[in-house]
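One structure is given below, encoded as structure tokens.
The values are calculated or read from the model by the stated rules, or taken from the named source; none is laboratory data. In this text, all values refer to a predicted model and were calculated from it rather than measured experimentally. Virtual Cβ from ideal backbone geometry, glycine too; neighbours counted across all protein chains shown. Just so you know, the surface numbers come from the protein's heavy atoms only, side chains and all, with ligands and any DNA or RNA stripped out. Shrake-Rupley method; radii C 1.70, N 1.55, O 1.52, S 1.80 Å.
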Amino acid sequence: MNIVLYLHMHQPYRLARFRYVDLGSGRTYFDEGRNRTLFTGIADRCYRPALGILAHALETRPEFRVSLSVTGTFLEQAEAWAPDVVALIRRIVATGRASLLSETYYHSLAFLLPGNELADEVDAHRTALQDRFGITPTALRMTELAYSDALARFAEAQRFRGMLAEGWEGLLQGAEPTHLYCAASAPTVALLLRHYRLSDDIGFRFSSREWSEWPLTAEKYAHWLSITPGEVIGLFMDFETFGEHHPASSGILDFLRALPDAVARSGTLGWATVDEAIATLRPRGALEAPRTISWADQNRDLGAWLGNDLQRSAFEAAKKVGVLARRTGDPAILRDWRRLLTSDHFYYLYTGGHGADLGVHQYFSSYGSPFDAYANYMNALTDLRRRALDRLGVAPPPTVGGV
Amino acid sequence: MATAGGRIRGRLRRLIRGRPRPKVMRPADEPGRATTAPPPRSGRGTLRRAELAELARLLTWRRPPAPAAPRVALGVPRSLSVLMVGWEFPPFHSGGLGVHCHELVLELSRMGHRVTFVTPFPGPFEPIANVTFLSPGGPGDPPPPYPGAYDVTPTSVEPPTMDRYNAWIAGLRPSIPIDVIHVHDWFGTVGARAVARALGRPLVMTVHSTEYDRSLGHPWREILDREQAGVDGADRVIVVSRHLGDQLVTRYRAPPSKIRVIYNAVRPSERLARLEQSRSMVLYLGRLAAMKGVDTFLRAAARVAPLAPDTLFVVAGEGPEYPRLVTLAAHLGIGDRVLFVGKVTEDERAVLLSSASVFVLPSVVEPFGIAALEAMAAGVPAIVSKTSGVAEISGAVFAVDFWDIDEFASRIGELLEYPALRQAMGETGRWDSLKEGWPERALQTVGVYAEVSRPWVVP
């Protein structure tokens, strides 16, 4: 049994309060102070200790493997405020026993936009990884683990060997998530699936004292892994699981430190990177995904980002501004627009849903309400639209009813 | 010294329950010893004659019926009789206090409770089942010179007048038994406390606002003392927002354990805001008093007006600030964009609230802000100042610092500019404002009565 531990590293550019009266003022949309404070705090609590544990395990245990994806917005902020975090990632990559994955540079919803935006953002990300780490990834993960037949065709066109997807019943139709599959729409693209129960045991449940399995030890977890039938177990989660979502006091870092040893003791378990799993395993069959699925919430659809009217209207507005922004070709305008397309901004606009989901959304949002978040987002977008129109030489309407 | 009966009962208890278990030794206490206790003996033995007689007596004894569990949520087992000391009551000066008392009395009556309502105004009042109105003076006497609850100033009512009202309340001995005395705001606190003591019944006080707030920090000592008398004398103090409760703790030294928050409510509105219309209206509706911060509304309007040429700003209501506000609007250059419509009737009020695009309540001080709740019930998104109790009920309002003109202007602009925001906030706000209505508020009030009067305990 191959264990694929894949961790996702991302931080968005959070917006400052950009008021309606600030339209046209030239103020920046992003809250540098807060982004910096948050980033350096998370670096202390999570990135430095957890990356250190992984680097140590890779350097001392020849069988250990890990896979990472690092967004462009993360890399920019890390280079600005915590360059040693980038150095740690470089140290991990240098062991040769870690995979890096491709995705959009801005962790954006570009895959829902027409035209070349998605390809451009994936290219930008690929270039960033080549520059920093000298690596060209062979596998693609889409924002929020989004996956569909159309995305598999995109991956094929971009010459990716594989994609990641949620190992959800709706996609599997009775098949087991513990095998490699391929995309029905693009058979050359292998599909490596997230085992959501075992992943969420760490990602969501680890520190929950109401959970009947609390406290989770590495031995117990390795035992669960060893009795799971199949060829590969995809443990995919946010990197921030280790030290941020679960604080160090919950024992999560000790768990991570103890896991390679516990896995080794089991006798039947081994580690693989995403690239290795895709290269060595044979696909068990083809999976169809006519509708886009994701790794979020109970429904595993795009409802977390585009489920309500506020989210859809914000996205539609962003789409329209994007047409103008791309036409200007102005790097500053394009950069701001792409940062506004980061999926996190739409996540903050979530209003409904079930108890557990709403709790997760509120945990990630720093706004008082989704209405606050929407007004702020739309102000920034409206201002960006004015800048784009201005750049194109069109006078923006001074009145209400713009976007 | 144990009596024979005590010994017998003790033995019977052991027969029924088994003997007390010997202490279990844990391994840590005494290593190496068995950790399981010997099983309790079966307890079978012979009974002496006296024990048999006692057993026979005990077996014929029946458990008394358990007292009914307090069903506070759905009304208490028997109807309560409330002596309610108010001030204004429709049709006399129905401000927030009058509305609250009226709705509360209606719901209490509907639940089958009796209310004896005390007011200085002689009526006539619309008859309500189970409700008796009491006022000083005989029928046919001219109405006394009492002002509305929010028009009280050191010149409009004199302490001797208030003393006479309170002395009259103190002397009340209603012909029906009273379970609880409930006083609203400061007007009758001294009398209510005296009558509660005389009748030996608990006192509940509802604070709708404080003198500090109404006077914008220049309180009249006379009123403060009467408020303090109520807060000190009451067994429970109901407030219309958490914020107001905190103020009672810090300024009136009220023990937090005495305070209960019961928000105001609105009746469901059949009229809904028309969300799409050619001309948008931004509405302020309320008294034109300094504490309401209407000048902030005008200054914010002046900032937004150039960006929203099709928007009309409406100020509805009357009050002492009117001349200053009209002058200010002209001074800000928005005289033609602001419409002062004066005092409005109930029907006009409903029309205004349901046709507004945005409702603004920029009060410097606003214990609750019932007008904002009415706007929300009509599906109109509301912007309120942060102190307002409405912001404690719903997340679907924009809460702004009362002095932050730019932020008020921005919130107005955002709601006018983004229809999806207006729609989503309107819908969520409507739901939040109607989730709990006056029936629920009255039930919560009865819950407080129940806390102090224990009506289900049969004397």
Q: Please give the average number of partner chain Cβ atoms lying within 10 Å of the Cβ of each residue in B:295-304, rounded to a whole number.
A: 1
Q. Which value, in square angstrom to the nearest 100, describes the accessible area buried between chains B and A on both sides, using a 1.4 angstrom probe?
A. 1900 Å²
Q. Any idea what Rg and Dmax come out to for segment B:143-254 if you just take the C-alpha atoms, in Å?
A. 14.0, 42
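If you average 1/r over every pair of different alpha-carbon atoms in segment A:94-188 and take one over that average, what Kirkwood value in Å do you get? Show your work: numbers first, answer last.
On the way: mean 1/r = 0.0706 Å⁻¹.
Kirkwood hydrodynamic radius for segment A:94-188: 14.2 Å.
Would the protein assembly as shown count as rounded, prolate or oblate if I go by the C-alpha gyration tensor, calling it rounded below 1.5 in a/c and otherwise prolate when a/b exceeds b/c, oblate otherwise? Don't skip to the end; give the middle numbers.
Details: a/c = 2.83, a/b = 1.26, b/c = 2.24.
Judged from the Cα gyration tensor, the protein assembly as shown comes out oblate (a/c at least 1.5, b/c at or above a/b).
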Q.
Given a 1.4 angstrom probe, what's the average accessible area per residue across the protein assembly as shown, in square angstrom?
A. 43 Å²
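Whole number please: convex hull volume per residue of the Cα set in segment A:237-375, in Å³? Don't jump to the answer; show the numbers that get you there.
Values: hull volume 29.3 nm³, N = 139.
So the per-residue hull volume is 211 Å³.
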Q: For peptide A:369-377, compute the average count of partner chain beta-carbon atoms within 10 Å of each residue's beta-carbon.
A: 6
Q: Would you list the P(r) distribution for chain A, with all Cα-Cα distances sorted into 10 Å bins from 0 and each bin expressed as a whole %?
A: 5, 22, 33, 26, 10, 3, 0
Q: Determine the calculated [θ] at 222 nm for chain A from helices alone, applying -39500 (n - 2.57) to every DSSP H run no shorter than 4 residues and normalising by the residue count; nearest 500 deg cm²/dmol.
A: -14000 deg cm²/dmol
Q.
If packing is taken as the average number of other Cβ atoms within 10 Å across a peptide's residues, how do B:285-296, A:172-183, B:364-375 rank, most packed first?
A. B:364-375, B:285-296, A:172-183
Q) Across peptide B:417-430, how many C-beta atoms of other chains are within 10 Å of each residue C-beta, on average? A) 6
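Return the carbon/sulfur percentage of the accessible area of the protein assembly as shown, one whole number, probe 1.4 Å, all protein chains in place. List each step's numbers first, then the result.
Working: 19930 of 37440 Å².
Roughly 53 percent of what the probe reaches on the protein assembly as shown is carbon or sulfur.
How big is segment A:151-251 by the Kirkwood estimate over distinct Cα pairs, in Å? Please list the in-between numbers first.
Numbers: mean 1/r = 0.0659 Å⁻¹.
For segment A:151-251, the Kirkwood estimate is 15.2 Å.
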**Q.** Peptides ranked, highest mean first, by Cβ atoms within 10 Å: ranges A:18-24, A:70-76
**A.** A:70-76, A:18-24
Q.
I'd like the distance between the alpha-carbon centres of segment B:169-194 and segment A:65-141, rounded to an integer number of Å.
A. 74 Å
**Q.** Packing-based order for A:280-290, A:88-98, using average beta carbon neighbours within 10 Å, highest first
**A.** A:88-98, A:280-290
